[in-house]
Structure formats: structure tokens, C-alpha cells
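Report on one structure; see the data block that follows.
The values are calculated or read from the model by the stated rules, or taken from the named source; none is laboratory data. Predicted model, so just to flag it, every value in this text is computed and none were measured. With ideal geometry, Cβ positions are generated from the backbone for all residues, glycine too; neighbour counts draw on all protein chains shown. The area values use the complete protein model at the heavy-atom level, side chains included, leaving out ligands, DNA and RNA. Shrake-Rupley method; radii C 1.70, N 1.55, O 1.52, S 1.80 Å.
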Amino acid sequence: MSTQSARTRAPKVAVVPGDGIGQEVIAQGVRLIAALAPDIEVEWFDLGAERYLRDGTTLPDDVFARWQAEFDAVYLGALGDPRVPSNVHAKDILLGSRFRLDLYINQRPIRLLDARRCPLKGKGPQDVDIMVFRENTEDLYTGVGGTFKEGTADEVAQELCIATRKGVERIIRAAFAWARANGKTRVCMSDKSNAMRFTGGLWQRTFKLVAAEYPEITASHLYVDVLAMELVRAPERFEVIVTSNLFGDIITDLGAILQGGIGLACSGNIHPGRLSLFEPVHGSAPDIAGKGIANPMAAFLTAGQLLSHLGRPELEARIGEAVRGALLADEVTPELGGTLSTAQVGDAVLARL
Ligand code: ATP
């Protein structure tokens, strides 16, 4: 696969700037990658709402085949445009890649860089530093289900919650392996096994089995409702959290607010050792698109995750420190109370590097 062959050639990154502010923040992110890792080859792909409206293309098979054969990572901006209400391009590009590439890890750091950005009283960067492993291919998000007597008073709707031993085991393993590799000593699994007996039971049993292989790590469990409360009350309790697709979706958005807002949240959709996809968490934000005021920091932190995936964790750390420095110096865009443009924040962070 591509990442293996990366050892004998320069890594290659496919860039899909996407829609709205995605294009603005990804342009800055690519600047950053070029400055920090000039050997990395970057190729831009014209995919997104504009392209779809122009010729109906979402993610062509030949492009997807090239990504698989030649590239090590995809760097994706947001997808979403009011002119494409069906969002079909986003479904094909983002969700299609997640499933077709089997990107089973959604890795979302919840890391507070500047205490002033945290809505919790008295909490600082030492209290909010959590890595969430969200299962990314199963659960309630597979689209298995249907409706019966749709649109009538007797309508029935069903959505199937899918958990497989393979799927649950590999995400739990990824969480423990990451914890061990990064000197963490606590992994918390979260489910709703008191109400969801069958899938919850599988998560419980599998978690215990895998945890036994990591005796130096304290394995704990919280129901997801309790986890939500605890994340607000005492985020310092957590180092690594592993959970299912739906619960992870919700918990990580809560986490984005703890770390200072959606403009600072990054994510990786990962299959270790294979082509993986990295995207800032925020959407295309049509309300501010084209104004040059989108915060590029999430895209920078996402670039850091991507570089770490390509075997350069030291660059991720440097990007984190540069973003932290810019935040502390109030070199920020308007949504964080600053006056800088997207490009000026890019300049500020690059200057710190
Ligand atoms: P979608 O996910 O459907 O594309 P969206 O862009 O409307 O949605 P979010 O990403 O959740 O949704 O953003 C909500 C609002 O937060 C945006 O409309 C915008 O005002 C603000 N916002 C999001 N990301 C940023 C950013 N990087 N910089 C500045 N503001 C942002």
C-alpha cells in the first residue's frame, strides 16, 4: 500500500480544499506543510461543490484508484454548499472514502492550548488533554435500515446499530496501543451497555480482553451520559477515551468546545499503515466563506496530525506550539476576538515556526 512505499520515495499528499472556508484554511495549511516538510509532494484535486455543479463529478473512480496507489494521505477541507442541498458530493467524497478506505479510527484530540479559550472555570491546558478514539465504520452510521409506510400516520423507521467483534476490537486496540506508545496510563471506554445489551455487551467483553494485554494501563468504563457530565466536571480525569461512532461524534463536539471552539478542532480518519484522511472538524461555514476571516488553526493542527501519520511527530509538536503561541499572543481571527485575517494568522503561525 501507499504508506509502505513511502519509505522509498517522498510522501505524497492529495489535497481536496473542498467548499467555502475549507478552501481558505486548507490553502494556509498547505503553506505550512510546504514550509515544514518541503520534500512532501502535494497534488491538488478539484473536487467539491463547484466541480459537482459544473459537471456532476463527486469522487471519480480513477481519482480514488490513484489515491490508493500513489498517495499516503488526503488533506481535506470542509464539504457543504447551500447550492447542493442533497450534499451528495460530501457523502461520496468524505463518507465514501471513510468506508472504501476502511478508515476505522476517527482520532480526535481534545487539547486545550490557551486557558482563556476554555469555558470551564479554573481549567487550563494541564486539565484538558485527551485523545479520543471514535470507531468510524460501524454503529448507527452504516445506513442499514429503512422505513415502512413512509409519510403516513403509521410510518415505521428503523436504523440498525451494528457492532462487530473485529470492528470493536480494532478500535479498542488502537486506543491502548496509542496510550502505550505515548506514555499514557489511563484508557476509558464509554458505551451505554446498561440500555443497549447486545452491542454494549460486545464492547464490554472485548474491552476487558484487550485491556488484559496492557497491565500497565488503568482501564476504566463510564456510561456515555456519565462521561458527558464528567468531561465538564473533571476533564483532567481522562487521558484516552475509546467509544463507538455515535457517542464519539457527540462527545468530541463537546470536547471541541472545551478546547476553545470548533475553529481549533482537528481530526484524523485513519487506517494505520494505509492511506488516511485528515480534516478540520468544522464545516464550510457559508456565513463567513469568501470573507478571508476563517480561523485556519484547526487546519494547521490537522496538518500536524497528517505529518505525524507520515512519521513526523516532531512536526506535529512544533505546529501545536506555534498555534499555542499565536493564541496566547491574540494573533487570532474575529471569532476568537481578534482582528487578523486567515492569511495573517497563517503568517503569524509560520513566523513562530
Ligand atoms: P456544515 O458542517 O454543514 O458544513 P457549518 O459550516 O454551518 O456546517 P460548523 O462548521 O459547525 O457548521 O460551523 C458553525 C459556524 O461556526 C459557522 O457557520 C461559522 O460561523 C463558525 N465557524 C466554523 N468554523 C470556523 C472557522 N474555522 N473559523 C471561523 N468561524 C468558524
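Under the classification rounded if a/c is under 1.5, otherwise prolate if a/b is larger than b/c and oblate if not, where does the range 1-86 fall, given a ≥ b ≥ c as square roots of the Cα gyration tensor eigenvalues?
Numbers: a/c = 3.28, a/b = 1.49, b/c = 2.20.
Oblate is the answer for the range 1-86, as a/c is 1.5 or above yet b/c matches or exceeds a/b.
Translational diffusion coefficient of the range 9-49 at 37 °C, 0.692 mPa s, Stokes-Einstein with Kirkwood Rh over Cα pairs, in µm²/s as a whole number.
Details: Rh = 10.7 Å.
Approximately 307 µm²/s, per Stokes-Einstein.
Restricting to the chain, what percent of DSSP beta bridges are antiparallel, rounded to 5?
Details: 19 of 44 bridges.
That works out to approximately 45 percent antiparallel.
What do you reckon, how do M297, M229, M131 stack up by accessible area (1.4 Å probe), largest on top?
Values: M297 0, M229 120, M131 20 Å².
Result, largest first: M229, M131, M297.
At a probe radius of 1.4 Å, what is the per-residue accessible area of H282, in Å² to the nearest 10?
20
Determine the share of the range 105-264's accessible area contributed by carbon and sulfur atoms, expressed in whole percent, with a 1.4 angstrom probe. Display every interim value, and only then the final one.
Working: 4240 of 7510 Å².
Reported share for carbon and sulfur atoms: 56 percent.
Find how much the distance from R352 to K149 grows on full extension, using 0.36 nm per residue of separation minus their present alpha carbon separation; answer in nm with one decimal. Write down the numbers at each step before the final one.
On the way: separation 203, 0.36 × 203 = 73.08 nm, distance 5.99 nm.
Fully extending the segment from R352 to K149 adds 67.1 nm.
P(r) for the range 105-264: what percent of alpha-carbon pairs falls in each 10 Å bin, starting at zero?
11, 38, 31, 15, 5, 1
Note down, for the chain, the three equivalent ellipsoid semi-axes (square root of 5 times each alpha carbon gyration tensor eigenvalue), biggest first, whole angstrom.
Semi-axes from the Cα gyration tensor: 30, 26, 22 Å.
Within the chain, how many Lys pairs that are eight or more residues apart, or on different chains, come under 22 Å at the alpha-carbon? Kindly include the intermediate steps, with their values, before the conclusion.
Working: K123/K184; K166/K192; K166/K208; K184/K208; K192/K208.
Going through the chain pair by pair, I get 5.
Within the chain, which whole H helices from DSSP have a Cα span along their axis of at least 15 Å and a mean Kyte-Doolittle hydropathy of 0.5 or more, if any?
Values: long enough: 21-36 (23 Å, 1.19); 165-181 (23 Å, -0.10); 197-211 (20 Å, -0.02); 245-258 (20 Å, 1.25); 297-309 (18 Å, 0.99); 313-328 (23 Å, 0.23); 342-352 (16 Å, 0.45).
Those that pass (Cα extent of 15 Å or more, hydropathy at least 0.5) are 21-36, 245-258, 297-309.
Counting other C-beta atoms within 10 Å, and keeping those with at most 16, which DSSP coil trypsin sites (Lys or Arg not before Pro) do you find in the range 92-150? Please report the intermediate quantities before stating the final value.
Details: sites: R98, R100, R111, R116, R117, K121, K123, R134, K149; in loops: K121, K123, K149.
Those that pass, being in a loop and sparsely packed, are K121, K149.
Accessible area of V88, 1.4 Å probe, to the nearest 10 Å²?
40
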